[in-house]
Structure formats: C-alpha cells, structure tokens
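The values are calculated or read from the model by the stated rules, or taken from the named source; none is laboratory data. Here the structure is a predicted model, which means the values were calculated and not measured. Reconstructed Cβ throughout: ideal geometry from the backbone, glycine too, with neighbour counts over all protein chains shown. Protein only, heavy atoms only, side chains kept; ligands, DNA and RNA dropped before computing areas. Shrake-Rupley method; radii C 1.70, N 1.55, O 1.52, S 1.80 Å.
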Amino acid sequence: QKEVEQDPGPLSVPEGAIVSLNCTYSNSAFQYFMWYRQYSRKGPELLMYTYSSGNKEDGRFTAQVDKSSKYISLFIRDSQPSDSATYLCAFNTDKLIFGTGTRLQVFP
Amino acid sequence: GAVVSQHPSRVICKSGTSVKIECRSLDFQATTMFWYRQFPKQSLMLMATSNEGSKATYEQGVEKDKFLINHASLTLSTLTVTSAHPEDSSFYICSAGDRVIYGYTFGSGTRLTVV
C-alpha cells in the first residue's frame, strides 16, 4: 500500500463549481496535513495546513481531515479559471511526503 | 511572508558539463533546505535534505556524487549536477523552512535541459 494516494485527475469543471480534492494516507504518525497548489512550471505554494480532524476554512478553500479514516480533502467553492493548477496533498514526518497531485482545470 | 529565490529558472547545458542551481532564503534563516526533482505530470520526488554546516542527507537511489549539495550558510544552498546527461533533464525545486508545521516555502524551480 502506498503511503499517500491521490487521484491524479485531470479534473475539469465549469467556473463556479464546487471542487473536491482528496487524499488517503496510511501512516498514523502523520501529524500535519497540507495542501499545495502548483501552477505549470512553478514551485508549489502552500494553500492550507492543519493538524487536527475537522474543517478549516480560508476564503473559498476548506481543508477537511478525518484522522480515523486517514482521509483528507480540499474543497474549493465558486471555482475560478485562476484555480486551474495541480493540487498536491502533503504530510509531514521530518520531511514532506507528497501525493502525486491532481490536475484541475476550471473552464469559463 | 517567507520567500525562497531559486536561480536559474531555466538552463540548457551540454552533456558532460556541470550545472549549479542556487536556492536562497531571502527574509529568513533556513537551517534546513530540501531539493526535489519533478518529472512532467508527476509529483515531487525528494532528492536530499540539506543542513547548514553539515553533510546533506540523500534519499535512497540518489547519487550523492552526481548531485552535490552544499549548504554553506543559513540562507544559501546549492545543488550541482555533475557530468550531466540527458536523463538528468528535469524540473528541480528547492524548499526551505524552519518548522515543518508551517509548511515549507518553495522556490520557483529550475528547468534543466541537457542536450
């Protein structure tokens, strides 16, 4: 079993849609859960991080963690074409473990 | 916020030559920096962890003699790809930070093409 699994997509949605991005993990030692956004040919940028089960909101973005199921999600409300990017989940040990990334395209 | 500057953003070199990539933390001191490699449409693969003042820790399967890492100061780490070959062509990204709980800041990446 892979340590982190993430659906690679691509995911194509119309502008204004609600997007759900998901990752599962197997390592119970993970304490911090992060989502990064990566535009083409750029380095990833941190979107959100959290360390407890439950929801965390930041504008149009909501990060959800379910430690009992080892499942994390990122929801994007009112998606915009500028949200088109690859989204990577990431988990910590003494370094970051990344998912494979989900490519998202939001079309006008 | 924290800024990590990476240079060059793009480099083309001839097979057999060496290329140096710089990663600088501009407004904070980074005791640890990480070097990643990313192939098209794939995730980031950690190559090595660079610690200021000590030897880098390489991930399994990464040739330390080929990918030389130097972290001589708290704001600068360099990755040198020695005797580059076409299969070394890739997107290399560094990241830096003091505490993983805040998430590390990434550089903008370097696209290396070996011809």
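In the set (1) open to solvent by 60 Å² or more (accessible area, probe 1.4 Å); (2) at positive phi, A:G9 fails one condition alone, (1). Restricting attention to the range B:66-77, the residues that are modelled with pLDDT of 95 or more and either open to solvent by 40 Å² or more (accessible area, probe 1.4 Å) or touching an Asp or Glu at 6+ places or on another chain (Cβ under 6 Å) (or both) total 1.
Within the range A:39-55, the set of residues being among the aromatic types (F, W, Y) and under 14 Å from A:S68 (Cα atoms) comprises A:Y51 only. The residue that is surrounded by the most Cβ atoms within 10 Å (Cβ to Cβ), among those in the range A:41-69 that are away from chain B (no Cβ under 14 Å) and of a type in the set (K, R), is A:K67. Only one of the listed residues (B:F28, B:F39, B:F34) is more than 10 Å from the chain's Cα centre (by Cα), under 21 Å from A:D94 (Cα atoms) and among the hydrophobic types (A, V, I, L, M, F, W, C). That residue is B:F28.
Taking first residues from the range A:25-51 that are over 19 Å from A:P81 (Cβ atoms) and partners that are outside any loop (DSSP other than H, G, I, E, B) and among the polar types (S, T, N, Q), the Cβ contacts under 7 Å between residues at least 6 apart in sequence or on separate chains come to A:F30/A:N92; A:Q31/A:N92; A:Y32/A:N92; A:F33/A:T50; A:P44/A:Q38.
Whenever a residue of the range B:60-83 is within 12 Å of B:E22 (Cβ to Cβ), it has no partner that is basic (K, R) and surrounded by fewer than 14 Cβ atoms within 10 Å (Cβ to Cβ) lying with C-beta atoms less than 6 angstrom away and at least six residues away or across chains. Taking the stated definitions as given, is B:S77 part of a loop (DSSP other than H, G, I, E, B) and polar (S, T, N, Q)? It is false that B:S77 is part of a loop (DSSP other than H, G, I, E, B) and polar (S, T, N, Q). Condition first: of a type in the set (K, R) and over 28 Å from B:G107 (Cβ atoms). Can you find one or more residues in the range A:36-59 that meet it? No. Taking every residue in the range A:77-95 that is within 8 Å of chain B (Cβ to nearest Cβ) and open to solvent by less than 50 Å² (accessible area, probe 1.4 Å) and pairing it with any residue that is assigned to a loop (DSSP other than H, G, I, E, B) and β-branched (V, I, T), at least 6 positions away or on another chain, the pairs with Cβ-Cβ distances below 8 Å are A:L88/A:T100. Quick check: is even one residue across the range A:60-76 part of a loop (DSSP other than H, G, I, E, B) and among the hydrophobic types (A, V, I, L, M, F, W, C)? No, the range A:60-76 has no match at all. Of the residues examined, B:A56 is one that is free of Cβ contacts under 8 Å to residues at least 40 places away in the same chain and either within 11 Å of another protein chain (Cβ to nearest Cβ) or surrounded by 14 or more Cβ atoms within 10 Å (Cβ to Cβ) (or both). The lone criterion from (1) within 14 Å of another protein chain (Cβ to nearest Cβ); (2) surrounded by 12 or more Cβ atoms within 10 Å (Cβ to Cβ) left unmet by A:A29 is number (2). So, of the residues in the range B:82-101 that are facing another protein chain (nearest Cβ under 7 Å) and modelled with pLDDT under 95, which turns out to be farthest from B:H71 (Cα to Cα)? Restricting to residues being facing another protein chain (nearest Cβ under 7 Å) and modelled with pLDDT under 95, the top hit is B:I101.
From the residues in the range B:1-46 that are without any contact (Cβ under 8 Å) to a residue 40 or more places away in the chain and in a strand (DSSP E or B), which one is most open to solvent (accessible area, probe 1.4 Å)? Ranking the candidates gives B:M45 first. Would you point out the residue of the range A:52-74, among those that are closer than 16 Å to A:Y87 by Cα and small (G, A, S), that is farthest from the chain's Cα centre (by Cα)? Among residues in the range A:52-74 that are closer than 16 Å to A:Y87 by Cα and small (G, A, S), the one farthest from the chain's Cα centre (by Cα) is A:A63. Looking only at the range A:1-16, residues that are modelled with pLDDT of 95 or more and not hydrophobic (A, V, I, L, M, F, W, C) come to 4 in all.
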